[in-house]
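Taking it in order: structure first as structure tokens, then the write-up.
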Amino acid sequence: MKILKRFLLILTLLILATIGVFYLYIQSLPTAPPDFINTNELNNKPAISFNCANKTDFKYAYNVHVNIESVLNNKQVYHSKLKFKTQLSQANDKIIKGIANNILIDEGQGPVNIKDVYYLGRVEAQPFALFTAFNDLGLVEKHPMKILAQLFKALSVGSEGKKYHFAYDSMQRTYRYHHSNNIITRNASATTANMNQLTSSLQTPDGNKHWKVTLDNNCMPSTLYSQERKGLSAAGHNGYIKFTIEAKKIAPYTDLTHVALNSFSNSHNLWRIKSVASSAFEQAINNEAELWSTIENFSSDKNSAKLIKAAEYLIENINSNELAKKLSNSELSDNSKRDLAFALSLSGHYDAENYLIDTLLSLSANTSKEDRDIDFQKVRLMVALAGNGQVSEQGFQTLAALAENTNESNNVRNNALINLGSTLQQLKNHGQDSAGLSDQLSSSLSRAIAGDHSSSAILAAGNAKLDNLNQQIIVKLNSGNSKERYAAASVLARNPNYNDDLIQHLSAEPSDLVNYAILTNLDTKSLSSQQKDKLLDISTRSSSDITQVIKQIVK
């Protein structure tokens, strides 16, 4: 009987607790449904007059300073400062349109200009302005000026007792405002049915106090201070991103009357996001035993952040000649040798390229070209060198020398050629290419295409996007060597100008592998109706595998 009473008591308490939390959830729900806006609402309707604007135009401008900080594993991994000025003006009805300009961002390497950004919003202004809807007009994800949404949420002042959820704000919280003698406070809670998140958001110490506005006899605050945090998780570490916004009202400075806006006004305002390597918040490698353990364990734990730390320790503490010896003997497993090369390819260490080059040259100087295992290690290091973000002309010339070195095996020379193409493309991507390097590679590849390393040279030309060798390459479609035909087909199929030639070749090519190379590299959007019809005709005489690929292309 006592056990039954205790069970009923516990059950009653659980029910009451659930009811209590559910009540909190109901209380946290916003008063009004979410609001949205688009450019179709810009029309000739008259502008609504707002009492708080003293019957004057709803036109305001601000100087804004933003501080963004990301912390993971108790370590700052990103910090930027953003400043700009912005003006918003009433267009029609309750619609406002605006501009943000004089935008400067500093991510730790000095201020950089950002192009002007336009936006659209809807405002309710009783008793103060509240931005119920906001549209950044096609601004790309993770653009720094996405902060505008948070700015206008922070500038919003809601009515007493009502709860607001701003659908345009990434924080996705519900806000409640309390008015007392013209002093307004704001509390926030998570907009969620998850009880743990809800109760946690309501109990966060000081989490709801970092918002302050100075109000005068007008719709909009004269000053604003807002600070909010959002939880962050990456590579198994937890932290937060903190947004601090300060704004001060200034005199309107431009006329937006004739500014024409559309849904994609900002779509060409691109921004290269500063990436934060996960290794930035990983613990450093402290000794050699930890180094080899990290490399050995990578095949199972896949912790690339830790692997990058291993590469840093390797470069700074293990001589390249010593590493070459370890790669030459059986002290390390093959998986570890593979992952070691991968670690060096990922490393952003300033000396990574030199270290890779020195290790490659040490292997070449102290081993025989008949040693296939050493060849394999050289190929891995060449791939790491070509793929490393720090590669320079020095790396290019090292690969060029290996490609020409008759003391190296055909396998090493072929792979050196292929990676030369990738390296040149890397240099182009980083703005480090010169006409001299392109000419040098073109000359080397032209000789190789005519010689014993034709297929590798063709693939290298494709990697480097050297169109000036296409006339030599197309001849190889008629080669008796299927490797050469495969390479030529793979490279030429990326150029729509050769669609007719390749489709014609497809009808007589005996190797399905070559046919597959043509079909999978074709730009399907560039195919004409006539070319698709020819492909369908070829499919009736092809193997079942090729027929299936063709049908997928022309459907």
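The values are calculated or read from the model by the stated rules, or taken from the named source; none is laboratory data. If you're wondering where the values come from, they're calculated on a predicted model, not measured in any experiment. Here Cβ is always computed from backbone atoms with ideal geometry, including for glycine, and neighbour counts include all displayed protein chains.
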**Prompt:** When you look at ASN515, is it under 36 Å from the mean Cα position of the chain (by Cα) and outside the structural domain of SER409 (by TED's automatic domain parsing), yes or no?
**Reply:** yes
**Asked** Would you say ALA488 is at pLDDT 90 or above, within 23 Å of LYS525 (Cβ to Cβ), more than 32 Å from the chain's Cα centre (by Cα) and of a type in the set (A, V, I, L, M, F, W, C)?
**Response** yes
**Prompt:** Failed condition for ARG272, given (1) surrounded by 13 or more Cβ atoms within 10 Å (Cβ to Cβ); (2) charged (D, E, K, R); (3) at pLDDT below 85, with all others met?
**Reply:** (1)
**Asked** Restricting the stretch 301-328 to residues that are surrounded by fewer than 14 Cβ atoms within 10 Å (Cβ to Cβ) and modelled with pLDDT under 90, which is farthest from LEU360 (Cα to Cα)?
**Response** ASP301
**Message:** So, LEU151, is that one surrounded by 15 or more Cβ atoms within 10 Å (Cβ to Cβ) and either under 29 Å from PHE50 (Cα atoms) or not assigned by TED's automatic domain parsing to the domain that holds MET220 (or both) or not?
**Reply:** yes
**Qualifying position, being among the aliphatic types (A, V, I, L, M), more than 20 Å from the chain's Cα centre (by Cα) and in a strand (DSSP E or B), among LEU148, LEU130** = LEU130
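Could you please give the count of residues in the stretch 151-167 that are in a loop (DSSP other than H, G, I, E, B) and not small (Gly, Ala, Ser)?
Our first condition is that a residue be in a loop (DSSP other than H, G, I, E, B); within the stretch 151-167, this holds for 156-159, 161-162, 166-167.
With the extra rule that they be not small (Gly, Ala, Ser), the set shrinks to 157, 162, 166.
Adding up the residues that qualify gives 3.
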**Selected residue (criterion: surrounded by the fewest Cβ atoms within 10 Å (Cβ to Cβ)) from residues of the stretch 104-127 that are within 22 Å of the chain's Cα centre (by Cα) and in a strand (DSSP E or B)** = ASN113
**Prompt:** If you go through the stretch 151-164 one residue at a time, how many are over 27 Å from the mean Cα position of the chain (by Cα) and either at pLDDT 90 or above or under 23 Å from VAL64 (Cβ atoms) (or both)?
**Reply:** 6
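Residue-wise test of (1) modelled with pLDDT of 95 or more; (2) outside the structural domain of MET220 (by TED's automatic domain parsing); (3) assigned to a strand (DSSP E or B).
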site: PHE7; (1), (2), (3): no, yes, no
site: LEU11; (1), (2), (3): no, yes, no
site: TYR23; (1), (2), (3): no, yes, no
site: GLN76; (1), (2), (3): no, no, yes
site: LYS83; (1), (2), (3): yes, no, yes
site: ILE99; (1), (2), (3): yes, no, yes
**Prompt:** If only one of ASP512, ASP523, ASP501 is at pLDDT below 90, acidic (Asp, Glu) and within 27 Å of ILE458 (Cα to Cα), which one is it?
**Reply:** ASP523
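Looking at the structure I just gave you, is ARG372 modelled with pLDDT of 90 or more, more than 16 Å from ALA311 (Cα to Cα) and of a type in the set (Lys, Arg)?
So ARG372 fails the test.
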**Request:** Being crowded, with 17+ Cβ neighbours inside 10 Å and among the small types (Gly, Ala, Ser) is the filter; apply it to the stretch 329-358 and report the residue that is nearest to ASN407 (Cα to Cα).
**Result:** ALA341
